[in-house]
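Working notes for the structure below.
The values are calculated or read from the model by the stated rules, or taken from the named source; none is laboratory data. No experiment lies behind these values; they were computed from the predicted model shown. Please note: Cβ atoms are built from the backbone with ideal geometry, for glycine as well, and neighbour counts cover all protein chains shown.
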Amino acid sequence: MGHTHTLSLSHTHTHTHTHTHTHTEEKNNAFSPTVVKMSLTSILSADAIENAVKDCQAPDSFCYKKFFQLCGLSQKSPQEVKDVFCIIDEDNSGFIEEAELKFFLQRFFPGARTLTEKEIKSLLTAADDDSDGRIGVDEFQTMVLS
Ligand SMILES: [Ca+2]
Ligand SMILES: [Ca+2]
């Protein structure tokens with residue numbers, strides 16, 4: 001005579017999240033948190049880049065003034081120069097560090113060589129106005145556009 005409360009609480013919560021994420025987020029990536037970097041060739045002509053890279057193929061022949069002129073960057077607007085800066089700043093730290101300078105040419109042209117130790121130092125010294133050992137966006141703009 002027990003009021004057997006057989007309310008078996010077999011509430012096995014099988015919460016199988018069948019949430020098929022078929023988000024169609026191809027278009028309108030403008031507000032996507034993943035930083036979609038601009039391509040260099042949307043700023044500079046591929047031919048000019050190739051020409052500039054070829055001109056300094058021999059180790060220790062890199063001259064930033066000549067390079068920026070040949071690839072057309074010195075004729076670009078400060079905003080475009082900033083876009084290029086962001087491409088070279090691969091880890092998005094807001095600065096171009098020595099490690100990134102090494103691959104400077106490769107950012108422009110994948111088949112390019114790495115810069116030599118000597119070239120890295122002279123490029124860094126040429127741009128680094130505040131001597132903090134890295135190139136900020138202002139320093140980069142000044143170097144390219146002056
Ligand atoms: Ca960086
Ligand atoms: Ca600096």
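Considering (1) within 14 Å of ligand 1 (Cβ to nearest atom); (2) touching a residue at least 40 places away in the same chain (Cβ under 8 Å); (3) assigned to a helix (DSSP H, G or I), say which one Glu100 fails and leave the rest.
Here Glu100 meets the rest and fails (2).
Does segment 102-116 include one or more residues that are within 12 Å of ligand 2 (Cβ to nearest atom) and either modelled with pLDDT under 95 or over 20 Å from the mean Cα position of the chain (by Cα) (or both)?
No: zero hits.
May I ask you to verify whether Phe68 is part of a helix (DSSP H, G or I), buried (at least 17 other Cβ atoms within 10 Å of the Cβ), within 16 Å of ligand 2 (Cβ to nearest atom) and touching a residue at least 24 places away in the same chain (Cβ under 8 Å)?
No; evaluated as a whole, the condition is false for this residue.
Output yes when any residue across segment 73-82 is surrounded by fewer than 17 Cβ atoms within 10 Å (Cβ to Cβ), assigned to a loop (DSSP other than H, G, I, E, B) and of a type outside the set (D, E, K, R), and no when none is.
yes
Could you please find all residues in segment 103-126 being in contact with a Lys or Arg (Cβ under 9 Å, 6 or more places away or on another chain) and free of Cβ contacts under 8 Å to residues at least 40 places away in the same chain?
Gln106, Thr114, Glu117, Ile120, Leu124
Looking only at segment 87-101, filter to residues that are away from ligand 2 (no atom under 16 Å from the Cβ) and not acidic (Asp, Glu); which one of those is nearest to Asn51 (Cα to Cα)?
So, considering only residues that are away from ligand 2 (no atom under 16 Å from the Cβ) and not acidic (Asp, Glu), the one nearest to Asn51 (Cα to Cα) is Ile87.
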